[in-house]
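Notes follow once the structure below has been shown.
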Amino acid sequence: MGEVSDLCGVKPHVLRYWEQEFTQLKPVKRRGNRRYYQHHEVLLIRRIRSLLYEQGFTISGARNRLGDARDTPHDQDAAVRLSGAEMQALRNELGNVSAMLGEALGIKPGAQAGDAHAASIQSSGVSAPAA
């Protein structure tokens with residue numbers, strides 16, 4: 001629940017409340033009453049947050065809106081947009097993964113992927129084609 005709370009920008013007690021108010025939100029509960037949210041439920045939480053916090057719906061209005069089969073794909077896309085902070089966190093994580101991968105492959109920081117290939121060709125004694 002903590003991860004979903006952070007990912008969606010909603011406090012855990014609010015998620016528990018929404019589970020009571022929105023019948024579509026039913027995370028699997030396992031040992032110790034821990035909640036496990038599936039991908040579609042995370043998207044639903046973001047949609048609920050958008051309806052309540054950004055679009056100004058009441059709980060009842062949001063409930064009705066979610067039950068409305070006429071939702072447009074554009075509205076669904078708005079629910080999954082990342083905030084600037086979420087996007088920056090993903091970029092940072094991607095940078096960390098890239099750095100770890102580069103380190104594992106022996107690529108120096110700041111080097112391009114082609115540089116490692118050229119270095120491996122040069123170390124094998126084969127001349128690289130001119131660019």
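The values are calculated or read from the model by the stated rules, or taken from the named source; none is laboratory data. The model shown is predicted, which means the values in this text are computed figures rather than measured ones. Every residue, glycine as well, gets a Cβ built from its backbone with ideal geometry; the counts of neighbours run over all protein chains shown.
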* **Count - residues of segment 1-18 that are part of a helix (DSSP H, G or I) and out of contact with any Lys or Arg (no Cβ under 7 Å at 6 or more places or on another chain)** => 12
* Collect the residues in segment 42-61 that are under 11 Å from VAL10 (Cα atoms) and of a type in the set (Phe, Trp, Tyr), keeping them in residue-number order. => TYR53
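Just checking, which of VAL10, VAL4 is closer than 17 Å to ALA62 by Cβ and either surrounded by 12 or more Cβ atoms within 10 Å (Cβ to Cβ) or in contact (Cβ under 8 Å) with a residue 12 or more places away in the chain (or both)? Even if it seems obvious, please write down each step before you answer.
On the way: VAL4 fails: closer than 17 Å to ALA62 by Cβ.
Result of the check over VAL10, VAL4: VAL10.
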* Asked: Would you call GLY110 modelled with pLDDT of 85 or more, in a loop (DSSP other than H, G, I, E, B), surrounded by fewer than 10 Cβ atoms within 10 Å (Cβ to Cβ) and on the phi > 0 side of the Ramachandran plot?
  -> no
* Does any residue of segment 61-73 turn out to be aliphatic (A, V, I, L, M) and modelled with pLDDT under 65? -> yes
* Restricting segment 27-58 to residues that are at pLDDT 90 or above and of a type in the set (Lys, Arg), which is nearest to ALA89 (Cα to Cα)? -> ARG46
